[in-house]
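Participant: Take this structure first; my questions come after.
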Amino acid sequence: MKLIGLEMKKIALTPYLFTSVLIPLAALALIDLLAYVPQIDPNILATDPEMGTYAFLYVISFIINVTGFACMNTAMLGKVIMESYNDNYIPLTLSYPVSRKKVFWAKIIFCELFCGVGVFIGVLLTNSLFFVSESVFSLVNDTLSFTIIINQLPLMIVSIMLVVSISLIALAIGWWRNSLALAIVSAVVLCSILSNLVMVGGVEVILAISGILFFIGVLVVLTLTKKVLRLEA
């Protein structure tokens, strides 16, 4: 816990906190816009009636929050991990009187906790604000009930798994080429594939993919840990 506390002091958290607020607000703006579209063109619901349901809009909220926090987590991991172990900083990083494994895991745990909690709160905030706005001024021709929010709790937990897994996989890809840009692009591509599969397959696909990606994420952490242990100053 002391190492995680040290990581908190070393990182400028203000940009990440600002982004953590911006992501759910952007998701809220998007689902409000999608909810309003049928008011402009009612024919849309004739061709795609799913757009007029709360279930569809909450899935969009889920996708936007996961994508935003996965990309932010990847950038954070790149800053904390890749920068610490590049040629300029690696002598300092390896000189700590603590085992390399503990230092590396402290950095990973800090980033994943920050963004994991962030995406959970982000999805909850987006969905709750949308629920309140719909209670006051309804745009969606669907039945509104508090159970809709409760039913999103499993997806909120899954969102944590996805953000953690996608960011770790993207970090491994970026670190392989020593490129933060490649890591972020990889996170965007993975989230794009995920969103397409979710829109086609629904919640069942989300659960299956999250399990697979989480397993791959664990393998990535173990592989990167071995890489750190082999590094030389």
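Here's the yes/no breakdown for (1) more than 17 Å from the chain's Cα centre (by Cα); (2) of a type in the set (D, E, K, R); (3) modelled with pLDDT of 90 or more:
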| position | (1), (2), (3) |
| --- | --- |
| 129 | yes, no, yes |
| 139 | yes, no, no |
| 149 | yes, no, no |
| 155 | no, no, no |
| 178 | yes, no, no |
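Participant: Now for a different question. Look at residue 50 and say whether it is in contact with a Phe, Trp or Tyr (Cβ under 7 Å, 6 or more places away or on another chain), open to solvent by less than 70 Å² (accessible area, probe 1.4 Å) and modelled with pLDDT under 90. Steps first, answer last, please.
Facilitator: Details: in contact with a Phe, Trp or Tyr (Cβ under 7 Å, 6 or more places away or on another chain): yes; open to solvent by less than 70 Å² (accessible area, probe 1.4 Å): no; modelled with pLDDT under 90: yes.
No.
Participant: Sticking with this structure for a sec: Of everything in the range 191-233, what is open to solvent by 30 Å² or more (accessible area, probe 1.4 Å) and in a loop (DSSP other than H, G, I, E, B)? Give them in sequence order.
Facilitator: 231, 232, 233
Participant: Here is a follow-up. For residues that are at pLDDT below 75, open to solvent by less than 60 Å² (accessible area, probe 1.4 Å) and aliphatic (A, V, I, L, M), tally how many sit in the range 1-43.
Facilitator: Residues flagged as at pLDDT below 75, open to solvent by less than 60 Å² (accessible area, probe 1.4 Å) and aliphatic (A, V, I, L, M) within the range 1-43 amount to 3.
Participant: Do any helices (runs of 4 or more DSSP H) lying entirely in the range 97-189 carry at least 2 residues that are among the aromatic types (Phe, Trp, Tyr) and surrounded by fewer than 22 Cβ atoms within 10 Å (Cβ to Cβ), and which ones are they? Spell out the reasoning first.
Facilitator: Values: elements: 100-136, 147-151, 153-176.
Here the list reads 100-136, 153-176.
Participant: Looking only at the range 113-120, decide whether some residue is at pLDDT 80 or above and not hydrophobic (A, V, I, L, M, F, W, C). Reasoning before the result, please.
Facilitator: Filtering the range 113-120 down to residues at pLDDT 80 or above leaves 113-120.
Filter once more, keeping what is not hydrophobic (A, V, I, L, M, F, W, C): 116, 118.
Yes, the range 113-120 contains a residue that is at pLDDT 80 or above and not hydrophobic (A, V, I, L, M, F, W, C).
Participant: Determine whether residue 55 is open to solvent by 60 Å² or more (accessible area, probe 1.4 Å) and either among the basic types (Lys, Arg) or at pLDDT below 90 (or both).
Facilitator: Values: open to solvent by 60 Å² or more (accessible area, probe 1.4 Å): yes; either among the basic types (Lys, Arg) or at pLDDT below 90 (or both): yes.
In short, yes.
Participant: Take the residues in the range 66-89 that are among the small types (Gly, Ala, Ser) and over 15 Å from residue 13 (Cα atoms), then tell me which one is modelled with the lowest pLDDT.
Facilitator: If we filter the range 66-89 for residues that are among the small types (Gly, Ala, Ser), which is where we start, we get 68, 70, 75, 78, 84.
With the extra rule that they be over 15 Å from residue 13 (Cα atoms), the set shrinks to 68, 70, 84.
Details: 68: 96, 70: 96, 84: 69.
Filtering the range 66-89 for residues that are among the small types (Gly, Ala, Ser) and over 15 Å from residue 13 (Cα atoms), the one modelled with the lowest pLDDT comes out as 84.
Participant: Of all residues in the range 157-176, how many are among the polar types (S, T, N, Q) and at pLDDT below 95? Step through it out loud before you land on a result.
Facilitator: Looking only at the range 157-176, we keep the residues that are among the polar types (S, T, N, Q), and these are 159, 165, 167.
So of that shortlist, the ones also at pLDDT below 95 come out as 159.
Here the count works out to 1.
The values are calculated or read from the model by the stated rules, or taken from the named source; none is laboratory data. These figures come from a predicted structure and were not determined experimentally. Counting neighbours? That spans all protein chains shown, and the Cβs are built from the backbone with ideal geometry, glycine included. These area figures cover heavy atoms from the full protein model, side chains too; ligands, DNA and RNA do not enter into them. Shrake-Rupley method; radii C 1.70, N 1.55, O 1.52, S 1.80 Å.
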